């Protein structure tokens with residue numbers, strides 16, 4: 001067998017035999033990304049809903065800033081979080097740099113604008129259909145936003161899945177603040193990058209296969225959610 005065939009065989013062997021090192025990395029990746037996604041969607045949904053129901057001449061500027069934030073390279077977000085958590089930074093006293101909490105914070109900051117942007121579009125569409133009706137019943141803007149967010153809860157599951165996919169596929173940000181320390185902060189994406197650079201392909205390929213499976217499952221879930229979503233906004 002050539003080296004590539006051997007590497008593939010060893011990679012599948014790691015997966016089939018549930019290698020402890022591989023499972024540790026996969027588990028840490030899922031944990032970090034899930035916690036970061038839940039935090040980001042909670043914050044982003046509130047921000048997106050606020051922008052959707054907010055009427056102000058400053059709203060277009062706020063939307064532009066938010067869209068710009070979405071397009072910022074992940075390494076820039078990692079740099080900002082690194083500076084904040086560094087010893088001389090304002091959050092240096094927490095001692096989080098090169099730890100799992102730092103990775104969760106970095107992914108949360110990275111995913112918040114995506115969650116806010118998608119939520120804003122969902123709530124704005126719903127607001128056009130139901131906003132006047134809710135205000136005629138005496139609901140203020142805050143209550144309107146909460147009711148619309150609840151009414152679009154099925155669409156928000158799509159936001160959650162989309163943001164999780166964004167978080168778990170990130171490499172630059174978590175590597176900058178996590179350091180990719182073996183046994184402590186290694187996740188799938190950073191390990192794939194490191195092991196490939198070292199020429200240790202079996203583990204990299206094995207993790208790559210697992211990551212592809214996770215992304216495939218996420219896309220299948222998204223497709224199912226889109227098929228189940230009603231085309232028209234249901235009445236409250």
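The values are calculated or read from the model by the stated rules, or taken from the named source; none is laboratory data. None of the values given here were measured: they were computed from a predicted structure. Cβ atoms come from the backbone with ideal geometry, glycine included; neighbour counts cover every protein chain shown.
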Cβ pairs under 8 Å, 6+ apart or interchain, first in the stretch 178-207 and on the phi > 0 side of the Ramachandran plot and in contact (Cβ under 8 Å) with a residue 40 or more places away in the chain, second surrounded by fewer than 21 Cβ atoms within 10 Å (Cβ to Cβ) and part of a helix (DSSP H, G or I), ordered by first then second residue, are 183/24
Filter the stretch 54-63 for residues that are more than 24 Å from the chain's Cα centre (by Cα) and assigned to a helix (DSSP H, G or I); the one that is farthest from residue 124 (Cα to Cα) is 61
Looking across the stretch 1-53 at residues that are surrounded by fewer than 17 Cβ atoms within 10 Å (Cβ to Cβ) and not in a helix (DSSP H, G or I), the single one that is farthest from the chain's Cα centre (by Cα) is 1
Original post:
Would the stretch 77-93 turn up any residue that is more than 15 Å from the chain's Cα centre (by Cα), buried (at least 22 other Cβ atoms within 10 Å of the Cβ), at pLDDT 90 or above and under 27 Å from residue 49 (Cβ atoms)?
Top reply: yes
Of the candidates 155, 167, the one satisfying the condition of being closer than 22 Å to residue 108 by Cα, crowded, with 17+ Cβ neighbours inside 10 Å and at pLDDT below 85 is 155
If I filter the stretch 177-190 for residues that are buried (at least 17 other Cβ atoms within 10 Å of the Cβ), under 27 Å from residue 9 (Cα atoms), modelled with pLDDT under 90 and in contact with a helix residue (DSSP H, G or I) (Cβ under 6 Å, 6 or more places away or on another chain), do I get at least one hit?
yes
Within the stretch 151-177, the residues that are part of a loop (DSSP other than H, G, I, E, B) and under 30 Å from residue 207 (Cβ atoms) are 169, 170, 171
Exactly one of 134, 97, 148 is in contact (Cβ under 8 Å) with a residue 40 or more places away in the chain, crowded, with 20+ Cβ neighbours inside 10 Å and not in a helix (DSSP H, G or I), and that one is 97
Flagged in the stretch 219-231 as modelled with pLDDT under 85 and either assigned to a helix (DSSP H, G or I) or loosely packed, with under 12 Cβ neighbours inside 10 Å (or both), in numbering order, are 219, 221, 222, 223, 224, 225, 226, 227, 228, 230, 231
Matching residues in the stretch 198-212 (part of a helix (DSSP H, G or I) and out of contact with any helix residue (DSSP H, G or I) (no Cβ under 9 Å at 6 or more places or on another chain)) number 1
